[in-house]
DNA sequence: CGCATAATCCTAACTGTGTTAGGAAATCCT
DNA sequence: AGGATTTCCTAACACAGTTAGGATTATGCG
């Protein structure tokens, strides 16, 4: 069997359409917020009519699902692109890098951050499949902390809550500004100083 | 002038209707979430039809506005009901009480907490009037910290972000549980230890 | 008490949004 | 080329927020 070039062509075409639709949704979200991502608007952007989107996605939420998964995959990529050898950094420096990198990823695209971390879309709940990259990111982060002796779930819970709180506050109260960004290093110092490590 | 008892009667009747509508909205929210607060459902609960609600509220968002203001007023009351003489408590103890009280207020009614602190309703933005109790609560908290020498905005910002992050995480990931509740005292200790006080 | 006015409620209709169903057009495969 | 599959369209539906016009009820005044 030489394979099915035509089948690949079909799959690629299908994937291209889905990507085009998701990209249109991101564009709308960035312009007018997640709520403005209506099927009619998305369809118009890709030169279709709303019901035609159902050929490619099961529902409006399915589009958000794809966006959710993509956002988390982008974050993973983003973190890996800037990764440095964890073993050559102190825990403090690592967390300062990690917190700043994640913070900037979020504030650079508020609708994306909202989709990833907040519940701004009524009725939308990521499917287990879309949630996988999110879990992967969390798992990855957890593994990166092991060499530092940070292994307890509550330690990680506290860190993520702290960082999440700073990001949410920044996005909600000072969009485009740096009021909570300025607190990042201090927050990390506070956190690391409070760790009970062996 | 002896006043206008009939005018008061009218105002009271009007206020009673508004209260009944807002209460119906809270009931729906607690049962099925904020998104389920539709005008048709609210109206049905108070024995009306949806368009009739416009006699009492300018819009659906106006109902949310009233709910928002009420939630924050309730919080103020709640905090005052449990208030103890701040001057007789250490900062640490005060913040442990404050964080726990606020945390419990939030987790005891998730839709209320979401309305107060998150953006789960597309298009809803509290009016300055409704926002006033929220500002008052923040101002009040700020004043309570002064005797402890905590006066810098960034100190308060860090605390509220930390507490907000814990609450959001609890509500989103462990509703009804105590995974992040367990971290409260530790978080406060971490915070207080990291304060740079004179 | 009766009448006028204001308040309160209803119905019909409109616009917008997500979705379904049936069918036409385009593309792919043999 | 013909058949099957994919992709798109239109019409229609249900639901939600809202407006407009009118009916009903409550209030105020002489």
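Go ahead and run the numbers for FRET between residue A:46 and residue B:88, Cβ-Cβ distance against an R0 of 56 Å, rounding to 0.05.
Numbers: r = 65 Å, r/R0 = 1.17.
Computed FRET efficiency for residue A:46 and residue B:88: 0.30.
Look at the axis of the rotation that sends chain A onto chain B, then give the chain A residue with the nearest Cβ and the distance in whole Å.
A:165, 1
I need the calculated FRET efficiency for the pair residue A:55 and residue A:78, taking r as the beta carbon distance and R₀ as 22 Å, to the nearest 0.05. It would help to have the intermediate numbers written out before the result.
Details: r = 32 Å, r/R0 = 1.44.
It comes out at approximately 0.10.
Angle, helix B:5-32 long axis vs. longest principal axis of chain B, Cα atoms, 0 to 90°, nearest 10?
Between the helix axis and the principal axis of chain B, the angle is about 60 degrees.
Taking the simple approach of a point 7 Å from Cα along Cα-to-Cβ for both residue A:138 and residue A:181, what is their distance in nm?
Reported label-point gap for residue A:138 and residue A:181 is 2.8 nm.
When Cβ neighbours within 10 Å are restricted to other protein chains, what is their mean count per residue of peptide A:146-156? Don't skip to the end; give the middle numbers.
On the way: counts 0, 0, 0, 0, 0, 0, 0, 1, 5, 2, 0.
That average works out to 1.
Give me the angle, in degrees from 0 to 90, between the Cα long axis of helix A:184-194 and the longest principal axis of the Cα atoms of chain A, rounded to the nearest 10.
Approximately 50 degrees, to the nearest 10.
Taking the label point as lying 7 angstrom from Cα along the Cα-to-Cβ axis, what are the distances from residue A:9 to the corresponding position in the remaining copies, in ascending order and in nanometres?
In nanometres, ordered from closest: 8.4.
What is the distance, in nm, between label points placed 7 Å from the Cα along the Cα-to-Cβ direction at residue A:174 and at residue B:16?
4.9
Can you list the copy-to-copy distances for residue A:122, using a point 7 angstrom from Cα toward Cβ, in nanometres, shortest first?
Between copies, matching label points for residue A:122 lie 0.9 nm apart.
Compute the helix-to-body angle for B:60-81: its Cα long axis versus the longest principal axis of chain B, expressed 0 to 90° and rounded to tens.
Once rounded, one gets 40 degrees.
Looking only at B:30, B:13, B:45, which one moves most when chain B is put into a Gaussian network model with springs between Cα atoms under 10 Å?
Looking only at B:30, B:13, B:45, the largest GNM fluctuation is found for B:13.
Label position 7 Å from Cα toward Cβ: report the copy-to-copy distances for residue A:143 in nm, one decimal, ordered from shortest.
Here residue A:143 shows inter-copy label distances of 5.4 nm.
Counting partner chain Cβ atoms within 10 Å of every residue's Cβ in B:116-125, what's the average? Write out the running numbers ahead of the final one.
On the way: counts 0, 3, 6, 10, 5, 3, 7, 3, 0, 0.
Mean shielding by partner chains, rounded to a whole number: 4.
Can you compute the modelled spin-label distance between residue A:38 and residue B:153, with each label point 7 Å from Cα toward Cβ, in nm?
3.8
FYI, it's all coordinate maths here, none of it is from the lab. What you are looking at is a predicted structure, and each value in this text was computed from that prediction instead of being measured. Because the Cβ atoms are built from the backbone with ideal geometry, glycine has one as well, and the counts that use them run over all protein chains shown.
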